[in-house]
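J.: Pasting a structure here, questions to come.
Read-outs: derived from the displayed coordinates by stated rules, not from any lab. Predicted model only: the values in this text are computed from it and were never measured. Here Cβ is always computed from backbone atoms with ideal geometry, including for glycine, and neighbour counts include all displayed protein chains.
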Amino acid sequence: MATRLNVTSEPCNRVDNETPALGASWHAVLTSDELGDEPVRVELLGEPWMLARLDGDVVAFHDRCPHRNAPLSIGTICGTQLQCAYHGWMFDADGACTEIPSLGPDATIPSRAAARRAGGVAEAYGLVWISPETPLFDLPAFDEWDDDSFDNARNEPRETPASVGQLIDNFLDATHLRTVHAGTFGVDDGGYLPPSEIVRDGWSAHTTFEVQYKNFDDPLVETGEHPLVQPQRLYKEIAGPTTAVVRLYHPMTDKTVSFLFACSPTNNDSTRVFKLMSRNDLTDPAAQLPALLDFEDRVLDEDLVVLEAYDDMAVNTELRDEVSVRSDRLSVAYRRILAELVAHRSSRETALDSTMAPAS
Ligand code: FES
Ligand code: FE
């Protein structure tokens, strides 16, 4: 007999790293290099997941064997199949059980003897992505990564107690640059941020700010032909609840530096931050990129000093609880999107099959 449950109990004004409404979104969890020939366990939204390459295809199963809950991540890859380490049940790339050794070769496999697959798994931009449930929207677009006129680099993934909501909110914000980033690129220009239009597009939103920036990367600064402080067109995009795209366009050099920030909500104590950089201003990428990546680590360090000092890492989506001003309109849009994700989930009915596999 099937039991139907209404999922309506989730609080709607606070989003943290274990908020179930984030489950229908893409999250980067590993670099492609980190997923080799062995299964890998990751934690996402406080739940364990197993990733593996089965005959080249990346699969993601909940890290619990349907038989007796052994972690599938300690299993063995056998070509196109994964074998559980405990009793040897075999699973194909769809999660279907193909063999139960104790039943013999001609056994009928119970249909419920299946590993629970993620709603989506993908590999893009050198990262492995999971959506625990069927994703509500596409993978974030970061076209520069596959553009031959751009050079790519990635900082080492960082672990932080700051939440994904805090981090994405920070990456979208353009009014902390002169204060938090005074030690790197911030300009003490008084802080005025001209109004910019927020464009909402489904579960995404973006805007372009006009700011001032210390352009250490412009070679004409050293010769005195260009000033160090230059205008910058700063495009910021909410690309899902845990991903942001940021593009820095410098009119004086006609060059672009783009970032993809993908934050993996591990659990309420930890977030994993992937920071990808793609830029078309380099003359000798191999020589220049190490120092540029080091600079980007220092920029992230500056943000984390503030974010990790919070005593509550959740993002409050009740707009009346915080004081927002005109220059915060993109982060207000972010809070609205988070609140809408929570409301979308809360309005659904989830059917759960409460029957157990028949005893053998
Ligand atoms: Fe996996 Fe028994 S727990 S086969
Ligand atoms: Fe910042």
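J.: Going toward the positive end of the dipole of the chain, with +1 on Lys and Arg Cβ and -1 on Asp and Glu Cβ, which of Phe209, Ala286, Phe185 do you reach last?
T.: Phe209
J.: What do you get for GluC sites (Glu not before Pro) in region 147-236 restricted to DSSP loop and a cutoff of at most 10 other Cβ within 10 Å of the site's Cβ?
T.: Answer by residue number: Glu197, Glu225.
J.: What are the chymotrypsin sites (Phe, Trp or Tyr not before Pro) within region 117-211 that DSSP puts in a loop, where the Cβ has at most 14 other Cβ atoms within 10 Å?
T.: Those satisfying the criteria are Tyr192.
J.: Hey, can you rank 281-287, 176-182, 332-338 by average C-beta count inside 10 Å, highest first?
T.: Result, highest mean first: 332-338, 176-182, 281-287.
J.: Defining a contact as two alpha carbons under 8 Å apart and six or more residues distant in sequence, what relative contact order in percent does the chain show?
T.: Details: 753 pairs, mean separation 84.2, N = 360.
Relative contact order, the chain: 23 percent.
J.: Now for a different question. Using only the Cα atoms of region 144-221, what do you get for the radius of gyration and for Dmax, in Å?
T.: My reading of the Cα-based Rg and Dmax gives 15.5, 41 Å.
J.: Mind giving me the nanometre distance, one decimal, between the label points for Asn69 and Met252, set 7 Å out from Cα along Cα→Cβ?
T.: With each label point 7 Å from Cα toward Cβ, the separation is 6.1 nm.
J.: Using the crude model of +1 on Lys and Arg Cβ and -1 on Asp and Glu Cβ, and no other charge, please compute the dipole size for region 51-188 relative to its Cα centre, in debye to 20.
T.: Dipole size: approximately 900 debye.
J.: Dipole size in debye (nearest 20) for region 76-136 around its Cα centre, Lys and Arg Cβ +1, Asp and Glu Cβ -1?
T.: Details: 3 positive and 6 negative charges, 33 e Å.
Here the size comes out at about 160 debye.
J.: Another question, then. Given R₀ = 51 Å, FRET efficiency for Val325-Leu103 by Cβ-Cβ distance, to 0.05?
T.: 0.20
J.: Something else about it: For a quick check, take a GNM of the chain with Cα springs below 10 Å and name the residue from Arg41, Arg326, Arg117 with the largest mean-square fluctuation.
T.: Arg326
J.: Sort 98-106, 16-24, 84-92 by the packing proxy (mean of other Cβ within 10 Å over each peptide's residues), most packed first.
T.: Ranked by mean Cβ neighbours within 10 Å, highest first: 16-24, 84-92, 98-106.
J.: Placing +1 on the Cβ of each Lys and Arg and -1 on the Cβ of each Asp and Glu in region 33-80, which of Leu35, Pro66, Ala52 has its Cα farthest towards the positive end of the resulting dipole?
T.: The residue sitting most towards the positive pole is Pro66.
J.: As I understand it, the value is the acute angle between the Cα axis of helix 329-346 and the longest principal axis of the Cα atoms of the chain; what does it come to in degrees, rounded to 10?
T.: Tilt relative to the chain: about 10 degrees.
J.: Translational diffusion coefficient of region 83-122 at 10 °C, 1.306 mPa s, Stokes-Einstein with Kirkwood Rh over Cα pairs, in µm²/s as a whole number. Write down the numbers at each step before the final one.
T.: Working: Rh = 10.9 Å.
It comes out at roughly 146 µm²/s.
J.: What number in nm² do you get for region 1-150 if you take the convex hull of its Cα atoms and divide its surface by four?
T.: 11.7 nm²
J.: If I model region 85-241 as equal point scatterers sitting on the Cα atoms and use the Debye formula, what is log10 I(q)/I(0) at q = 0.08, 0.10, 0.15 Å⁻¹?
T.: Cα-only, vacuum Debye calculation for region 85-241: -0.45, -0.62, -1.06.
J.: Charges at C-beta only: +1 for Lys and Arg, -1 for Asp and Glu. How large is the resulting dipole of region 32-105 about its Cα centre, in Debye rounded to 20? Display every interim value, and only then the final one.
T.: On the way: 4 positive and 12 negative charges, 72 e Å.
With Lys and Arg at +1 and Asp and Glu at -1, about 340 debye.
J.: Calculate for the chain the 222 nm mean residue ellipticity that helices alone would give, adding -39,500 (n - 2.57) per DSSP H run of length 4 or more and normalising by residue count, nearest 500 deg cm²/dmol. Provide the component values of the computation, followed by the final result.
T.: Working: 5 runs with 58 residues, N = 360.
Theoretical 222 nm ellipticity from helices: -5000 deg cm²/dmol.
J.: Sticking with this one: Counting pairs of Cα atoms in the chain, how many percent are more than 24 Å apart?
T.: Tail of the P(r) past 24 Å holds 61 percent of the pairs.
J.: Next question. Give the Kirkwood hydrodynamic radius (Å, one decimal) of region 214-264, defined as one over the mean of 1/r across all pairs of different Cα atoms.
T.: Mean inverse Cα-Cα distance, inverted, gives 12.2 Å.
J.: How much FRET efficiency would the formula 1/(1 + (r/R0)^6) give for Asp294 and Ala96, where r is the Cβ-Cβ distance and R0 is 41 Å, rounded to 0.05?
T.: On the way: r = 47 Å, r/R0 = 1.15.
FRET efficiency, Asp294 to Ala96: 0.30.
J.: What spacing in nm lies between the two simple spin-label points modelled at Glu34 and Ala286, each 7 Å away from Cα in the Cβ direction?
T.: In this crude label model, Glu34 to Ala286 measures out at 2.8 nm.
J.: Hey, another quick one. Let me understand region 195-284 better: what is its radius of gyration from the alpha carbons, and its Dmax, in angstrom?
T.: My reading of the Cα-based Rg and Dmax gives 15.7, 49 Å.
J.: Let me ask something else about it. How far is it, in nm, from the label point at Asn267 to the one at Ser346 when both lie 7 Å from their Cα along the line to the Cβ?
T.: So the two model labels end up 2.6 nm from each other.
J.: Next question. For region 209-338, what Kirkwood radius comes out of the mean inverse Cα-Cα distance, in Å?
T.: 17.0 Å
J.: How high is the relative contact order of region 224-360? Use alpha-carbon pairs under 8 Å, at least six apart in sequence, and give a whole percent.
T.: 13 percent
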